[in-house]
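Have a look at the structure below, then the notes.
The values are calculated or read from the model by the stated rules, or taken from the named source; none is laboratory data. Keep in mind the model is a prediction, meaning the values are calculated, not measured. Ideal geometry is used to build each Cβ from the backbone, glycine not excepted, and the neighbour counts take in all protein chains shown. When the accessible area is computed, the model is the full protein with side chains, heavy atoms only, and any ligands, DNA or RNA have been set aside. Shrake-Rupley method; radii C 1.70, N 1.55, O 1.52, S 1.80 Å.
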Amino acid sequence: MDTHLPLLLASDVPPHRRQVSRDLLIVTAVTVGMFLFSVVFELREWLTDVTHPLEPYQIDELPLTFAALALSLAWFAWRRWQQSERELKLRVAAQRALTEALAENRLLSQKYLLVQEEERRNLAREMHDELGQCLNAIKLDAVSICEVSRGGLPEIESNARSIVELSNHVYDVVRSMMHRLRPAALDVLGLRDAVGELVNQWRRRNSSVTCGFESEGDLSELGELTNITVYRLVQECLTNVAKHSAASHVDVVLARTDALEVRVTVHDNGRGMHLHAKRSGLGLVGLRERVEALHGRLELTAAPGAGTQVTATLPLPGNG
């Protein structure tokens, strides 16, 4: 049986313990040094001789008074140290509670986003099934009325054509609303093609602005929340470009940098903005909340006259 204990290396001792040992060594050395100094020079006798003529003024009591003051200051320092330690424990506990609360809030945000997207999907489906069919029936009836009244009843024919045109307009509005509520391409085509379709639609509505789109890496199987967050981020950024930037060119880059995260970058050459200026809109705030709910990071780079760049980095499910 080996009875030899392993040697404790100096590097294995925690730094704070080394500091305490050093301080105790200094206190011991000062105490021993003072004792030897008093013995060699007979300091007590010298103090007695010096203070004896001042005995009527009680000056000879000062050494004991100073000793009591030193002990009182040591007690005072000890009390402050205890108070600081209690405050430190309270701060650590508060920090731990805050960290736990933030983790719970992120979990709630993720659940909220899932519920929100599910409600949007259901609402878009109801609009398509119910409202879409009703509009289609109205349009078919109006077409039938138009054909029956053609030639003989021009006023009725004209009203029927107006109903057809109005039905087409309402259907286009409903289809646009359904697309904003839940992009069907995201479920059918996947993230890459859905974002590409979003960019193409934006190009058609904003023909005066050139828009580039690039994608890199495997963008399949990123997860429902990641897919919809990336899509909504690109959607909101392109909306902001059309409304506020007065840009002539915008680039959208979607890349899976590695097996752990996906990065989205939207950059325009518009008027830019002051990063610390007060903004009344909630678009960027909502985007930041979406990204941070997935343990991601949202970075905004902008300057007046230098364009704006929004970069979001999202960890993939299981790596957050």
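Any idea how many residues of the range 12-24 are at pLDDT below 75 and either among the small types (Gly, Ala, Ser) or more than 21 Å from residue 70 (Cα to Cα) (or both)? The number of residues fulfilling the criteria is 6. Taking each residue of the range 205-229 that is surrounded by fewer than 15 Cβ atoms within 10 Å (Cβ to Cβ) and looking for partners that are of a type in the set (Ser, Thr, Tyr) with beta-carbon atoms closer than 9 Å, six or more apart or interchain, yields 208/248; 210/248; 216/257; 217/257. Pairing residues of the range 25-46 that are within 17 Å of residue 64 (Cα to Cα) with residues that are assigned to a helix (DSSP H, G or I) and open to solvent by 80 Å² or more (accessible area, probe 1.4 Å), at Cβ distances under 9 Å and at least 6 apart in sequence or on separate chains, gives 38/44; 43/34; 43/37. Applying the condition of being part of a loop (DSSP other than H, G, I, E, B) and open to solvent by less than 30 Å² (accessible area, probe 1.4 Å) to the range 260-277 and asking which residue is modelled with the lowest pLDDT yields 272.
Is at least one residue of the range 174-191 closer than 27 Å to residue 305 by Cβ, touching a residue at least 24 places away in the same chain (Cβ under 8 Å) and open to solvent by 20 Å² or more (accessible area, probe 1.4 Å)? No - not one qualifying residue is present in the range 174-191. Looking only at residues of the range 45-85 that are among the polar types (S, T, N, Q) and either under 24 Å from residue 35 (Cα atoms) or not in a helix (DSSP H, G or I) (or both), we find that the one that is modelled with the lowest pLDDT is 58. The single residue among 286, 296 that is within 30 Å of residue 115 (Cα to Cα), touching a Lys or Arg at 6+ places or on another chain (Cβ under 9 Å) and modelled with pLDDT of 85 or more turns out to be 296.
Among the candidates 220, 245, 280, single out the residue that is modelled with pLDDT under 85, among the hydroxyl-bearing types (Ser, Thr, Tyr) and under 19 Å from residue 201 (Cα atoms). After applying the criteria, what remains is 245.
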